[in-house]
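The values are calculated or read from the model by the stated rules, or taken from the named source; none is laboratory data. Note that this is a predicted model, so its numbers are computed, not measured. Methodologically, a virtual Cβ is constructed for each residue, glycine included, from the backbone with ideal geometry; neighbour enumeration extends over all protein chains shown.
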Amino acid sequence: MNRQLKAAARVLIRPVIPGLLVIVLATLPACSGDPDNPEQQVRDVISAGEEAVEARSIIGVLDFISDHYQDKDGRQKQEIKQLVAGYILRNKSIHLLTRVQRVAVNEDKSRADVILYVGMAGVPVASVDQLVFTRADLYRFDLSLVMEEGDWRVTGGSWQQARLEDF
């Protein structure tokens, strides 16, 4: 019975978790780049978030999701915490390949919209060509970020499956 519950949970959660992980990719404070260039700050945040997810640092990733997070499916910060923790605990090895397609920052530099493609695999992935051989899950994410207390934080997002050609 326990095996059946675990299998059912994987089937139900699998489509949700990759999106949540990428949403939290953009939640760490920027660690490099021009402090006056918000687009570069957002790109730096995504890179730092990618490293935190691969390091399986639940607290390091989740601390920077906005307390006001709300996605179009009604998920809030608490649901994101639970889903991300579950994914990280179930996967001994997490490797991401990210491609930022677009970063659009508003005029007053307080909000940003990002289109991000992510390949998620259980083994290291250094190039787009390797995504096929690793049978990676491919996703497109549309993220909304806001500047809160000097750091970019994710306030919402949506995701859908992507194709290899998108990368």
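On the given criteria, is GLY86 touching a helix residue (DSSP H, G or I) at 6+ places or on another chain (Cβ under 6 Å) and not aromatic (Phe, Trp, Tyr)? Show your work before the answer.
On the way: touching a helix residue (DSSP H, G or I) at 6+ places or on another chain (Cβ under 6 Å): no; not aromatic (Phe, Trp, Tyr): yes.
No: the conditions fail for GLY86.
From SER127, SER158, SER110, grab the single residue that is under 16 Å from the mean Cα position of the chain (by Cα) and of a type in the set (Gly, Ala, Ser). So that I can check it myself, show each step before the final result.
Values: SER127 fails: under 16 Å from the mean Cα position of the chain (by Cα); SER110 fails: under 16 Å from the mean Cα position of the chain (by Cα).
Exactly one of SER127, SER158, SER110 is under 16 Å from the mean Cα position of the chain (by Cα) and of a type in the set (Gly, Ala, Ser), namely SER158.
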Tally of residues being among the polar types (S, T, N, Q), surrounded by fewer than 18 Cβ atoms within 10 Å (Cβ to Cβ) and closer than 21 Å to VAL61 by Cβ across the range 129-167: 1
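Checking the conditions here, which among ALA126, ALA104, ALA85 is assigned to a strand (DSSP E or B) and either out of contact with any Lys or Arg (no Cβ under 8 Å at 6 or more places or on another chain) or surrounded by fewer than 13 Cβ atoms within 10 Å (Cβ to Cβ) (or both)? Steps first, please.
Numbers: ALA126 fails: assigned to a strand (DSSP E or B); ALA85 fails: assigned to a strand (DSSP E or B).
Matching residue, one of ALA126, ALA104, ALA85: ALA104.
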Checking the structure you have, find out if any residue of the range 98-115 is more than 23 Å from ASP36 (Cβ to Cβ), without any contact (Cβ under 8 Å) to a residue 12 or more places away in the chain and not β-branched (Val, Ile, Thr). no
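Restricting to the range 67-82, give me the number of residues that are in a loop (DSSP other than H, G, I, E, B) and buried (at least 19 other Cβ atoms within 10 Å of the Cβ). If you could, list the steps in order and put the result at the bottom.
Going residue by residue through the range 67-82, those that are in a loop (DSSP other than H, G, I, E, B) are 67-69, 71-75.
Checking which are buried (at least 19 other Cβ atoms within 10 Å of the Cβ) leaves us with 69, 71, 75.
Result for the range 67-82: 3.
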Taking interchain pairs and intrachain pairs at least six residues apart, which have beta carbon atoms under 9 angstrom, with the first residue in the range 60-85 and under 20 Å from SER47 (Cβ atoms) and touching a residue at least 60 places away in the same chain (Cβ under 8 Å) and the second hydroxyl-bearing (Ser, Thr, Tyr) and assigned to a strand (DSSP E or B)? ILE65/THR155; SER66/THR155
Restricting to the range 33-72, name every residue that is β-branched (Val, Ile, Thr) and modelled with pLDDT of 85 or more. VAL42, VAL45, ILE46, VAL53, ILE58, ILE59, ILE65
Identify all residues within the range 102-123 that are out of contact with any Ser or Thr (no Cβ under 7 Å at 6 or more places or on another chain) and hydrophobic (A, V, I, L, M, F, W, C); write none if there are none. VAL103, ALA104, VAL105, ALA112, VAL114, ILE115, MET120
Among the residues of the range 77-110, write down those that are at pLDDT 95 or above, among the polar types (S, T, N, Q) and farther than 20 Å from LEU138 by Cβ. ASN106, SER110
